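Engineer: Let me give you the structure first, and then I'll get to my questions.
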Amino acid sequence: MNQIGQLTELYGNIAACPIRNVLDRLGDKWTILVVLILHDVGKIRFNKLHNIMGDISQKMLTVTLRKLEADGLVAREVFMEIPPKVEYQLTPIGESLVPHISSLSHWALENMTSILDAREKYST
């Protein structure tokens, strides 16, 4: 049985499929960008991260960071001082994701022209 057949058999229940689960989580508008910025800058405070990202709302950045924290990809450190200070950084598992994102990014850059051409042909 091939890999797809094995995955279908093991994870016929879409909710239990680890690939879908991870891709659903990473596939939103902001998550990969947050991961890559955290990889590049290391520990960073919320406002600095928000400033680097530009167009994201504070609420959406908070939601994105919380999801990454819940998945164990981001660590949040709170310092008990006034004003309150919170720093975010990738965990080891978050860092282990970066090479895979980079590979996918390189593939997308190499193939985007062909993909756009195919879409153009398909729609006409």
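Engineer: To the nearest 0.05, how large is the calculated FRET efficiency for residue 86 and residue 123 if R₀ is 41 Å and r is the Cβ-Cβ distance?
Structural biologist: 0.35
Engineer: If you don't mind, there's one more thing I want to ask. If each DSSP helix of 4+ residues adds -39,500 (n - 2.57) and the sum is divided by the residues in the chain, what number results at 222 nm, nearest 500 deg cm²/dmol?
Structural biologist: Only helices count here, giving -21000 deg cm²/dmol.
Engineer: Continuing with the same structure: Please give every one of the aspartates and glutamates within straight-line cross-link reach of residue 67, meaning a C-alpha to C-alpha distance under 14 Å, and leave out same-chain neighbours fewer than 8 residues apart.
Structural biologist: By straight Cα distance, residue 67 reaches 24, 28.
Engineer: Now a separate question. Just subtract the alpha-carbon distance of residue 62 and residue 50 from 0.36 nm times their residue separation and send over the number in nm, one decimal.
Structural biologist: This chain segment gains 3.4 nm when fully extended.
Engineer: Separate question: Sort the following peptides by mean Cβ neighbour count (other Cβ atoms within 10 Å, averaged over residues), highest first: 86-94, 109-117.
Structural biologist: 86-94, 109-117
Engineer: What angle do you read, to the nearest 10 degrees and between 0 and 90, between the alpha-carbon axis of helix 92-123 and the longest principal axis of the chain?
Structural biologist: 50
Engineer: Sticking with this structure for a sec: Among all the lysines, which ones have a C-alpha under 17 Å from residue 85's C-alpha, if same-chain residues fewer than 8 places away are not counted?
Structural biologist: The reachable lysines, counting only those whose Cα sits under 17 Å from residue 85, are 43, 48.
Every number here is computed from the coordinates shown, using simple stated rules; none is lab data. Bear in mind the structure is a predicted one, so any value in this text is a computation, not a measurement. Reconstructed Cβ throughout: ideal geometry from the backbone, glycine too, with neighbour counts over all protein chains shown.
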